[in-house]
Amino acid sequence: MTPTMTDIARAGYDGNDNPHLATSPNWYAHALGRYLHDTGRVPPRDVRMGRGDSIRANDMRFAFKVEAGRITFERIE
């Protein structure tokens, strides 16, 4: 069975290394899971890409920015 973006985000939340191609949707999902863990939020659920440079999880939308191979997230909804 192919893992969903939520499964991939959960792997990031659980602290696994990110094996996905940089800047692919799965890479963003995994990085978001790690971000949710690091900021003390609940585990990711219903993860999906949003419009533009954003990703959705847990009924929230996060803008992401990649600079020098480092990704940052900002909650926007």
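Quick note: the coordinates plus some simple rules give every number you see, no bench work behind them. Computed from a predicted structure; not experimentally measured. Positions of Cβ are generated from backbone atoms using ideal geometry, with glycine treated the same way; all protein chains shown enter the neighbour counts.
Restricting to DSSP H runs of at least four residues, report the calculated mean residue ellipticity at 222 nm for the chain, -39500 (n - 2.57) per run over all residues, nearest 500 deg cm²/dmol. Walk me through the numbers on the way to the answer.
On the way: 2 runs with 23 residues, N = 77.
It comes out at -9000 deg cm²/dmol, rounded to the nearest 500.
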Kirkwood Rh and Cα Rg combined as Rg/Rh, the stretch 5-75
0.91
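Going by C-beta contacts inside 10 Å, put Tyr13, Tyr28 in order with the fewest on the left. Before the final figure, lay out the partial values.
Working: Tyr13 21, Tyr28 27.
Lowest to highest Cβ neighbour count: Tyr13, Tyr28.
Would you order Val42, Val66, Val47 from fewest to most other beta-carbon atoms within 10 Å of each residue's own beta-carbon? Walk me through the numbers on the way to the answer.
Values: Val42 10, Val66 14, Val47 24.
Fewest to most other Cβ atoms nearby, the residues stand as Val42, Val66, Val47.
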